[in-house]
1. Assuming R0 = 22 Å, can you tell me the calculated FRET efficiency for the pair Glu76 and Gln115, based on Cβ-Cβ distance, to the nearest 0.05?
2. Could you work out the relative contact order of region 75-189? I mean the mean sequence separation of Cα pairs under 8 Å and 6+ apart, divided by the number of residues, in percent.
3. Neighbour counts of other C-beta atoms within 10 Å: give me Glu50, Glu94 arranged from fewest to most.
4. Report the label-to-label distance for Thr12 and Arg183 in nanometres (one decimal), using points 7 Å from each Cα along the Cα→Cβ vector.
5. Using the Karplus equation 6.51 cos²θ - 1.76 cosθ + 1.60 (θ = phi - 60°), what ³J(HN,Hα) coupling, rounded to whole Hz, does each residue of region 142-154 give in order, writing x for Gly and Pro?
6. Restricting everything to alpha-carbon atoms, can you work out Rg to Rh for region 51-170 with a Kirkwood hydrodynamic radius?
7. Using only Cα atoms, locate the centre of region 139-183 and the centre of region 30-91, then give the distance between them in Å, rounded to an integer.
8. Quick query: amide H of Val80 versus all other amide H atoms, modeled in the peptide plane; which residues come in under 5 Å with a sequence gap of 5 or more or a different chain?
Amino acid sequence: MPENRAITTRDTLAKCARMGKPRKEFLRTFVERYEKLFGPLRDIPVTVLEVGVGGYRHDKRGGGGLRMLAAFFGSEATIVGLDLHPKSFDDMPENVNIWQGSQTDEDLLARMAAQYGGFDIVIDDASHITASTVATFEALWPHTRMMYIVEDLHMRTAKGTGDYFRNVIGVDFDTQNMCVVSRTITNNR
């Protein structure tokens, strides 16, 4: 369970993660990598999309990653979640928006990208099914300004995902069970 204390925007990402979402097997590894990737972006108003909010079919479960990102980046950031199942949270920060729909719905992804002017960071933690992950990447990469992250490459259903991303320019498999595809970041965003 998350700690019963308010998260401050100057807390480390690890502290935001402990308070914002339950621990999972690779949380420490992911958080350490995210701290390095996201730290330099902390003081700019980023727009982040997390595909897969968590909690499966339970409308009140999940959302920890969104809370963690909102706390880490602060109120100037726009944090967007997409989940197949409807989600309804009473404790979500005001700068978090949650959409319902499929990660493979190209029209929905295009509408989301248009509404937010694209995304600085996209994190795919959704189905972990290779075909869905690849379809989501191909739909969202043109709307991604900085980096696109795919989590949980260890999943049995994600068997071919790593093979696909090995052929993508700018990919980094530096963290176990995660890949990061980066664009060259300029001051113009």
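1. 0.80
2. 19 percent
3. Glu94, Glu50
4. It works out to 3.1 nm between the two label points.
5. Result, rounded to whole Hz: x, 9, 10, 7, 10, 8, 10, 10, 10, 9, 6, 5, 6.
6. 0.95
7. The two parts, judged by their Cα centres, are 18 Å apart.
8. Residues meeting the criterion, in which the H sits 1.01 Å from N, are Val48, Leu49, Glu50, Asn97.
Readers should treat all values here as calculations from the given coordinates under stated rules, not as data from a laboratory. On a predicted model such as this, the values are computed, not experimentally measured, just so you know. Here Cβ is always computed from backbone atoms with ideal geometry, including for glycine, and neighbour counts include all displayed protein chains.
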